[in-house]
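Let me begin by presenting the structure, written as structure tokens, before commenting on it.
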Amino acid sequence: MSSDEFVVTPWNVEGDIDYDKLTKQFGTQKISPEILSKIKKITGEDHFMLRRGIFFSHRDLNVILDNFEKGKKFFLYTGRGPSGNTHIGHLVPWVFAKWLQEKFDVNIYFQLTDDEKFYTKSDLTLEDTSKFALENALDFIALGFNPEKTKIIINTRNIRRLYPIAAQVAKKINFSNTKAVFGFTNDTNVGMIFYTSLQSAPCFIEDLPVLIPLGVDQDPHFRITRDVAPKINKPKPALIHNIMIPALTGPGGKMSASDEKSTIYTTDSPQVVKKKINKYGFSGGQVDIEKHRELGGNPDIDVSFQYLRIFFEQDDDKLKKIYEDYKSGKMLTGELKAILIEKINSFLKIHQQKREEAKKNLSKFLLSDE
Ligand code: TRP
């Protein structure tokens, strides 16, 4: 793959993603200043992930907002493929989803697709993925979702609720649709071929329109769902897309939960966080201090800076100062990393406590099959 090429699919993200090109390729809309000001008008706040373009694109978000202003409610839905323990990159869309729930006061469904990861990962058993699903659920709950308005769906457990909806969807998808969207071949297992129907099911679990915050790699599934919706007399799901979170080891590709070293887990100790960032954090700095002072660093490719921008430094003035100091060479890579380490560790300290408490509340959050 040459340097200006990239691939974004639900199962494979590679290369240096050009988000303007991707928006055109996928046929989504960029989040406009009008949409931003409408959200600000409704919520009274200007979320940093919107302001900084971490959420950069959408489908029909304007429709959801216009209807909301007219008094028509919606619900939220997002999910996670439990292929491993939760890492900090996963929290990005969930933190935003939590904010949406709070500001719009709406229900949210969180789907854990233990079946999907079993189908797509040859090294994982169904026991593995179901175990990871419960672990991931704790991280989700720990972010503070409203227990009265939040339900966690685990596919293999909740299949009775999902299947009647999935069947409606599946009847309207033919093999050439999925093949065209995902590049399936005769070797693809039939679980994967059916799977989009299951990821679509929560879109229609309530009799209201849905808004889905999600990584842009998941868009292809919902392109299919949106085509199916009118055929089963349902509203098309609306989407709001976030960028892919870079791996600790460098740009190009998303943070992968299967690569131990490129990943900071939500359960990592302060020492482990420090070691991983210092050892593996991809740096935009120069080869030595002298050169760095002379030429300055490149915050745009530096993963520590990107993590601050995407999640951990929410104060714009502080972020700007770090950007400028690093770029001018005044701040060294070690100093930048130290800032990130401190930020992540103070976040994780609280998160890990809440994660422990979540164990007691887990059953309250799990969708019942009745
Ligand atoms: N397929 C997603 C993943 O691999 C999990 C998922 C299920 C999801 N439903 C979703 C993601 C809805 C976003 C929105 O992570």
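In the range 95-105, is there at least one residue being open to solvent by 20 Å² or more (accessible area, probe 1.4 Å), hydrophobic (A, V, I, L, M, F, W, C) and within 15 Å of the ligand (Cβ to nearest atom)? Checked the range 95-105: at least one residue is open to solvent by 20 Å² or more (accessible area, probe 1.4 Å), hydrophobic (A, V, I, L, M, F, W, C) and within 15 Å of the ligand (Cβ to nearest atom).
Note on the range 328-337: among residues that are assigned to a helix (DSSP H, G or I) and farther than 15 Å from residue 309 by Cα, the one that is least open to solvent (accessible area, probe 1.4 Å) is 333.
Please verify whether the range 243-254 includes one or more residues that are surrounded by fewer than 18 Cβ atoms within 10 Å (Cβ to Cβ) and among the basic types (Lys, Arg). No, every residue in the range 243-254 fails to be surrounded by fewer than 18 Cβ atoms within 10 Å (Cβ to Cβ) and among the basic types (Lys, Arg).
Only one of the numbered conditions (1) closer than 25 Å to residue 90 by Cα; (2) at pLDDT below 95 is violated by residue 287, and that is (1).
Within the range 274-286, identify whether any single residue is touching a residue at least 60 places away in the same chain (Cβ under 8 Å), in contact with a Pro (Cβ under 9 Å, 6 or more places away or on another chain) and either on the phi < 0 side of the Ramachandran plot or surrounded by fewer than 18 Cβ atoms within 10 Å (Cβ to Cβ) (or both), and answer yes or no. No, because not a single residue in the range 274-286 is touching a residue at least 60 places away in the same chain (Cβ under 8 Å), in contact with a Pro (Cβ under 9 Å, 6 or more places away or on another chain) and either on the phi < 0 side of the Ramachandran plot or surrounded by fewer than 18 Cβ atoms within 10 Å (Cβ to Cβ) (or both).
Inclusion of residue 168 among residues that are modelled with pLDDT of 95 or more, over 15 Å from residue 201 (Cβ atoms), more than 14 Å from the ligand (Cβ to nearest atom) and not aromatic (Phe, Trp, Tyr) is not warranted. Scanning the range 305-327 for residues that are in contact with a helix residue (DSSP H, G or I) (Cβ under 9 Å, 6 or more places away or on another chain) and open to solvent by less than 30 Å² (accessible area, probe 1.4 Å) gives 305, 307, 308, 310, 311, 312, 313, 319, 322, 325, 326. Can you tell me which of 182, 222, 204, 175 is within 16 Å of the ligand (Cβ to nearest atom) and open to solvent by 20 Å² or more (accessible area, probe 1.4 Å)? The match here is 182.
Among the conditions (1) surrounded by fewer than 23 Cβ atoms within 10 Å (Cβ to Cβ); (2) within 10 Å of the ligand (Cβ to nearest atom); (3) of a type in the set (Gly, Ala, Ser), the only one that residue 229 does not satisfy is (2).
Could you list, in sequence order, the residues of the range 188-201 that are of a type in the set (A, V, I, L, M, F, W, C) and either under 14 Å from residue 79 (Cα atoms) or more than 12 Å from the ligand (Cβ to nearest atom) (or both)? Across the range 188-201, the qualifying residues are 190, 193, 194, 198, 201. Here residue 84 qualifies as among the small types (Gly, Ala, Ser), open to solvent by less than 10 Å² (accessible area, probe 1.4 Å), touching a residue at least 12 places away in the same chain (Cβ under 8 Å) and assigned to a loop (DSSP other than H, G, I, E, B). From the list 213, 202, 164, the one residue that fits, being of a type outside the set (Lys, Arg), out of contact with any Pro (no Cβ under 6 Å at 6 or more places or on another chain) and within 30 Å of residue 266 (Cα to Cα), is 202.
Taken over the range 29-76, the criterion of being of a type in the set (S, T, N, Q) and touching a residue at least 40 places away in the same chain (Cβ under 8 Å) is satisfied by 43, 57, 67. Residues that are more than 8 Å from the ligand (Cβ to nearest atom) and in contact with a helix residue (DSSP H, G or I) (Cβ under 6 Å, 6 or more places away or on another chain) within the range 106-118 comprise 107, 108, 109, 110, 114, 118, listed in sequence order.
Looking at the range 5-13, can you tell me whether even one residue there is open to solvent by 60 Å² or more (accessible area, probe 1.4 Å), closer than 25 Å to residue 98 by Cβ and touching a residue at least 40 places away in the same chain (Cβ under 8 Å)? Scanning the range 5-13 turns up no residue that is open to solvent by 60 Å² or more (accessible area, probe 1.4 Å), closer than 25 Å to residue 98 by Cβ and touching a residue at least 40 places away in the same chain (Cβ under 8 Å).
The values are calculated or read from the model by the stated rules, or taken from the named source; none is laboratory data. Just so it is clear, the structure is predicted and the values come from calculations on it, not from any experiment. Please note: Cβ atoms are built from the backbone with ideal geometry, for glycine as well, and neighbour counts cover all protein chains shown. Heads up: the accessible areas ignore ligands, DNA and RNA and are worked out on the full protein's heavy atoms, side chains in. Shrake-Rupley method; radii C 1.70, N 1.55, O 1.52, S 1.80 Å.
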